[in-house]
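The values are calculated or read from the model by the stated rules, or taken from the named source; none is laboratory data. Remember, predicted model here, so these are calculated numbers, not experimental data. Virtual Cβ from ideal backbone geometry, glycine too; neighbours counted across all protein chains shown. Areas reflect the complete protein model, heavy atoms only, side chains present, ligands, DNA and RNA absent. Shrake-Rupley method; radii C 1.70, N 1.55, O 1.52, S 1.80 Å.
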Amino acid sequence: MTAHVSIEDYDALASSKSRAVALDCLVAGIDAAHPRRVVSDALALDDEHLTVSPVTGPSRTYDLEAFDDIVVLGGGNAAGHVAAALESLLGDRIDGGVVVTDDPVETDCIDVLPGDHPVPSERGVEGANTVLERAADAGPDDLVLGCLTGGGSSLLPAPANGLSLEALRKTTEALLASGASIDEINAVRKHLSRLKGGNLACAAAPATVVGLLVSDVAGDDPSVIASGPLSPDSTTFADALDVLDRYGIDAPEPILEHLRRGADGNERETPTGDDAVFDDIDCHVVANANTALEAAQEVAADRGYAPLVLSSSVRGEAREAAKTQVAIAEEIARTGTPVEPPAVVLSGGETTVTLVDNHGRGGPNQEFVLGGALELAVPAVVASVDTDGIDGATDAAGAIADQRTVSRDGSLDPLKARRALERNDAYPALGSANALIRTGATGTNVNDLRALVVERGVTER
């Protein structure tokens, strides 16, 4: 199948065999999680029977002739590509629909509307309102195919009644800068939205709903992916207030008032698992971090490197995660434990960055690489990307470095690198070292993908 992603200035970045292996592992992982490949692998049409085979759990078959209309609804970084792939598979069986994305793609009958990520925008609000309106039009004899992918939380904002987009944006920006986990951020988002936290399911009832989810969260919990528009919500208004308090978020007063009303029982709580609205809803995770990791493993093995997958759900501060993974790479180089070099250490998941001010540029993948490069003392390469192609609010997907990148005789002086890391300013530092990986929008989002390539022999830096 044709590759869907390429790296700008690949030849310059792949200046050694180990660098090329790292980059090729990342590209293979992103490609494997692209919706056109995923839909082809996970969905099968036999006459009028659609079978969905998720990454885990049993397959489920749906008789399309049992439905009057088939409508596609959703949002996220990859939602447009999922919609296009569904049109290719189902053709004129689809009766329309609408998805909201920041990576538009041409479709025949499904409307692809623009939104913004990672901070919600007015056009995202308009798109989310259209999704809700189309969901409400679905009847008891209709089938809704829900395309939900990473990035859906900001692309489908739909502020709760009485809340402004600006208040929602300020709260989101503060949460993203706080170091809060995605679960904690989404607990707040769900209680500030008319769509998230199972509310899209309420709007679509009593239609049959089949969710097709591309997961960008650790554990693949459908209630966390895109803030769970089609899933029961176990969090409460009180939980949302607790998150704001725990991280010292100075949210606008209308936000606090709304959450306090909810905690006092004066706003409708998000639906829980015993709500009858979920009786006719199935959610299937059709791609996740393991989808990317398995493809990266294959590339590593094909090139003669022993692949070692640490985890698909690494989390915590990016620079601290880098220290741990670099230490593992060094152990491999020095002792052959837990695998003999040459080896590729792989991981997925979502690390975070706690900003010390609002002036630095970069994202968790860039911080991971910069922090890792500062630690490297053996022949190794550290590379990390956000699989959607956007790391933080930058034009880079991530970065790549080796033990020479940050050194006194290398591209970046260690003192300058440490100062940049302290200021959360990895982007210009890595840019000056020609270490940034740029892919543009990739069409998918299964969160971060990291590769540390370890060669034979130990040469202390």
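So how tilted is helix 122-137 from the main axis of the chain? Cα-based, degrees 0 to 90, rounded to 10.
Approximately 40 degrees, to the nearest 10.
Using a Förster radius of 30 Å, what is the FRET efficiency between residue 10 and residue 56 based on their Cβ-Cβ separation? Nearest 0.05, please.
Efficiency at R0 = 30 Å is approximately 0.35.
Just check the stretch 117-253 against the gyration tensor rule for me: Cα atoms, a ≥ b ≥ c as the square roots of the eigenvalues, rounded for a/c under 1.5, and otherwise prolate or oblate depending on whether a/b exceeds b/c.
It comes out prolate by the Cα gyration axes.
Looking at the stretch 236-293, which chymotrypsin sites (Phe, Trp or Tyr not before Pro) are DSSP coil and have at most 15 other C-beta atoms within 10 Å of their C-beta?
none
Calculate, for residue 95 and residue 164, the FRET efficiency according to 1/(1 + (r/R0)^6) with r their C-beta to C-beta distance and R0 30 Å; round to the nearest 0.05.
E(calc), rounded to 0.05, equals 0.30.
Below 8 Å between Cα atoms, with a sequence gap of 6+, how large is the relative contact order for the chain in percent?
Relative CO of the chain lands at 17 percent.
Reachable lysines from residue 17, Cα under 26 Å, same-chain residues fewer than 8 places away excluded?
Candidates past the 8-residue exclusion: 323.
Can you give me the accessible area per residue for the chain, using a 1.4 Å probe, in Å²?
Dividing the accessible area of the chain by its residue count gives 38 Å².
Using a probe of 1.4 angstrom, how much of the accessible area of the chain is carbon and sulfur, in percent?
On the chain, the fraction of accessible area on carbon and sulfur atoms equals 45 percent.
Relative to the Cα centre, what is the charge dipole magnitude of the stretch 146-200, using +1 at the beta carbon of each Lys and Arg, -1 at the beta carbon of each Asp and Glu, and rounding to the nearest 20 debye?
The dipole magnitude comes to about 160 debye.
Consider a paramagnetic label point 7 Å from the Cα of residue 130 along Cα→Cβ; state which residues of the stretch 68-93 have an amide N under 12 Å from it.
What the label zone holds, given the 12 Å backbone N cut-off, is 74.
What are the lysines whose alpha-carbon lies under 20 Å from the alpha-carbon of residue 196, with same-chain residues fewer than 8 places away excluded?
Cross-link targets: 170.
Rounded, prolate or oblate, given the Cα gyration tensor of the stretch 301-388, with a/c below 1.5 counting as rounded?
Judged from the Cα gyration tensor, the stretch 301-388 comes out prolate (a/c at least 1.5, a/b above b/c).
Note the full-extension length gain between residue 395 and residue 334 as 0.36 nm times their separation in residues minus their Cα-Cα distance, in nm to one decimal.
Here the segment from residue 395 to residue 334 would lengthen by 18.3 nm.
When ranked by the protection proxy of mean other Cβ atoms within 10 Å per residue, highest first, what sequence do the peptides 222-234, 52-64 form?
222-234, 52-64
Sort 300-306, 97-103 by the packing proxy (mean of other Cβ within 10 Å over each peptide's residues), most packed first.
Output ranking for 300-306, 97-103: 97-103, 300-306.
Relative to the longest principal axis of the C-alpha atoms of the chain, give the angle of the C-alpha long axis of helix 318-335, reported between 0 and 90° and rounded to the nearest 10°.
50 degrees
Sorted by average packing, counted as other Cβ atoms within 10 angstrom per residue and highest first, what order do 285-294, 4-13, 429-438 take?
285-294, 429-438, 4-13
Once the piece of chain linking residue 65 and residue 354 is laid out straight, how much longer is it, given 0.36 nm per residue of separation minus the C-alpha distance between them?
98.9 nm
Hand me the trypsin sites (Lys or Arg not before Pro) from the stretch 315-408 located in a DSSP loop with no more than 14 other Cβ atoms within 10 Å, in residue order please.
Within the stretch 315-408, the qualifying trypsin sites (Lys or Arg not before Pro) (loop, at most 14 other Cβ atoms within 10 Å) are 408.
What nm distance separates the two modelled labels at residue 253 and residue 173, each placed 7 Å from Cα along Cα→Cβ?
Placing both labels 7 Å along Cα→Cβ, they lie 2.0 nm apart.
Round to a whole angstrom and tell me the spacing of the C-alpha centers of the stretch 416-461 and the stretch 66-119.
A separation of 33 Å, based on Cα centres.
Counting each DSSP H run of 4 or more residues in the chain as -39500 (n - 2.57), what helix-only mean residue ellipticity at 222 nm follows after dividing by all residues, to the nearest 500 deg cm²/dmol?
-11000 deg cm²/dmol
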